Amino acid sequence: MEQPLRFPPPLPHPDRRPSVTIVEQPTVRPLAIPGNNKIDEPFLSDIIKWDELVGRYLAGDIEEDVFKTYRLTNGIYGQRQGGLNQMVRIKVPYGSMTPDQLDMIGYLSEHYSRGWAHITTRQNLQMHYVQLTEVGDVMRLLASVGLTTREACGDTVRNVQGCHLAGACPYEVLDISPWAEAAYDHFVRNPIAQRLPRKFKINFSGCGTDCGQAMFNDVGVIATSRVDATGRTEAGFRIYVAGGLGANPHAALSLEDFTTRHELLPTIESILRVFDQAGNRDNKLRARMKWLVDSLGIDELRRRVFKVRHSLIASTTWPGGIPEAVLTAGDSPAGLAADVEPTPIGHGVSAVPVAINLSRPVEGTSEYPRWEQANVVRGVNNGTVSAYAHAPLGDITAAQFHGLATLQRDLEADVRLSNRQNLIYRGLSNEQLPELHRRLGLIGMATAGAELLRDVVSCPGADTCNLAVTQSRGLADAITEALEDAGLAEVPGLRINISGCMNSCGHHHVADIGFFGVERRVDDRSAPGYQLLLGGHVGDEQIHFGAKALRLPAKSSPQAVVLVVQRYVAERHGGETFASWLQRVGGAEAVAEDLRSLDHFDHDDHFVDFGETGPYLVATGDSECL
């Protein structure tokens, strides 16, 4: 069924972020792209219902709390600015994007938002300051390129994540891309996933390195293999359950040693059904899967899941077999290219899997060689070539989106969003790299060091979030600037994550250096502060949460980072990791002793948050949905 689409002129916005300098304006395709004038079911039904309920809500026929539940389930958050200002969250399953989709996000961010959009740590895209009365138009335009906001928020199955190098990593056991697609297809709009006790997050990784970060999700799926009694190697999965961050982080626990490919989807659905039946619906603060393990115990949870799976597979309504998305695309691992000889470990090759093999120093002064060292990832054994486009804080302007789309078309590349808020171009050749670097430079996205130390991750913070108590994005910018000034921005093997409150939307618990925002009280005055955590890590099917060091004034936190990194660089042994060094020198408390002199408020500037001009005030609102 065809629906006309509106294309309004650009609107000025009072909170427009300064644009990145674009050296050359990219060629923008007209918006009359294939399929742009047609919206297919079930997208159309979602949009028609949205328009109807928004009209009834604005007319006063629907109560606020009822509409809020509906709005969140459709991926639309209210902002702390109130009124009709909304944050629109767009689902991007396993981060995979097409050129038409990139172009459309650029168009929408310019015409309905504030000129830029934001990549989240769950591989979603977000736009802020979209007016409630215009959300339906945004949904129509998104649907025309196969994107939706449906169930990006609320007590639903959220965006299905996946390793951004899936299908391009020589260490993977299976390409998890089609499996993540199958999980998304199975649960979006599924009646069993609409009114859960709380949100439910699914994550896929292609090998035990766990670059997709399965270890802190409600369901974390990691491809693995086993050898059966006949000596045949079978690829399948290991499933972890009940992980989570937030104010009370929990490590995910193994459900069983091996789950077959045929059993994967019914196992995930069985976990969801047990959660739906037994989750705490009386207290949302204790409603996540991690709390269900606390109340039932992991053994009882396993028993219930396997009981449901046994019945589910046997039911007449279960389709069975391998999902259509997997049959169509195939899930064979990247493997060994026919024209590439494998290079043994020890001959200039790191044993660290390719997806996290970004731990060597960046050397030289010429721009292209430095970018190639820092941003290009090669599959040593299979000859794949991938390269990061750097998006500081995950922010991309409208012009940059259009430039990225044109690049993707011209290079015929695959593009994914990473969980550290960058983009990666995949399926490249070595010959294409100089042109990619040149054209990324024209749109301000060729900085060497994507996913290295200068690439600080942050949640939106008090800029727009109702729960944040500090301007976390401002701190991220200040830390990056301090590291650049100190010559430390390219120290390898370290990651910094920031959240504007304790809820860990910025994943501060699993960073080498993590911060979450807190209010400090000094002589009856409020001041912005941060809790510093040290030693977090996720990978290799393990997770370690950062240990608390000390609380610092917000304006002193960048200097604290510089001091910690300087000491690590001076004292590390060879390739010693930050976690190993931290343990050797006595842990977070020992390092905190070096920073005690920073924990004081002796200047008026300490009572003003980053990006603000007046005295700091805590102005949190009601929780929309964590």
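The values are calculated or read from the model by the stated rules, or taken from the named source; none is laboratory data. Small disclaimer: the values here were computed from a predicted structure and weren't measured. Neighbour counts are summed over all protein chains in view; Cβ atoms, including those assigned to glycine, are modelled from backbone coordinates with ideal geometry.
For the condition among the acidic types (Asp, Glu) and more than 19 Å from the chain's Cα centre (by Cα), what is the one hit in 228, 155, 210, 218? Full working, then the answer.
On the way: 155 fails: more than 19 Å from the chain's Cα centre (by Cα); 210 fails: more than 19 Å from the chain's Cα centre (by Cα); 218 fails: more than 19 Å from the chain's Cα centre (by Cα).
Exactly one of 228, 155, 210, 218 is among the acidic types (Asp, Glu) and more than 19 Å from the chain's Cα centre (by Cα), namely 228.
Return the residue satisfying two criteria in turn: it lies in the stretch 73-85 and is at pLDDT below 95 and not in a loop (DSSP other than H, G, I, E, B), and of such residues it is farthest from residue 187 (Cα to Cα). Break it down stepwise before answering.
Here is the first cut: in the stretch 73-85, the residues at pLDDT below 95 are 77-85.
In the following step, the residues that additionally are not in a loop (DSSP other than H, G, I, E, B) were identified as 77-78, 85.
Values: 77: 21, 78: 25, 85: 29 Å.
So, considering only residues that are at pLDDT below 95 and not in a loop (DSSP other than H, G, I, E, B), the one farthest from residue 187 (Cα to Cα) is 85.
Taking only pairs six or more apart or across chains, which ones have beta-carbon atoms under 6 Å, a first residue in the stretch 280-295 that is surrounded by fewer than 20 Cβ atoms within 10 Å (Cβ to Cβ), and a second residue that is of a type in the set (D, E, K, R) and in a helix (DSSP H, G or I)?
Hits for this filter: 280/286.
Considering only residues of the stretch 41-67 that are surrounded by 12 or more Cβ atoms within 10 Å (Cβ to Cβ) and not in a helix (DSSP H, G or I), which is nearest to the chain's Cα centre (by Cα)?
Top of the filtered list is 42.
Being assigned to a strand (DSSP E or B) and either within 20 Å of residue 97 (Cβ to Cβ) or modelled with pLDDT of 95 or more (or both) is the requirement here; does residue 180 meet it? Write out each step before concluding.
Numbers: assigned to a strand (DSSP E or B): no; either within 20 Å of residue 97 (Cβ to Cβ) or modelled with pLDDT of 95 or more (or both): yes.
Spelling it out, it is not the case that residue 180 is assigned to a strand (DSSP E or B) and either within 20 Å of residue 97 (Cβ to Cβ) or modelled with pLDDT of 95 or more (or both).
Name the one entry in 89, 140 that is basic (Lys, Arg) and crowded, with 23+ Cβ neighbours inside 10 Å. If you could, list the steps in order and put the result at the bottom.
Numbers: 140 fails: crowded, with 23+ Cβ neighbours inside 10 Å.
It is 89.
How many residues are buried (at least 22 other Cβ atoms within 10 Å of the Cβ) and in a strand (DSSP E or B) when one looks only at the stretch 486-533?
Total meeting the criteria: 14.
Which of the residues spanning the stretch 250-278 are closer than 19 Å to residue 326 by Cα and of a type in the set (Val, Ile, Thr)?
Once the filter is applied, which keeps residues that are closer than 19 Å to residue 326 by Cα and of a type in the set (Val, Ile, Thr), the stretch 250-278 yields 259, 260, 267, 268.
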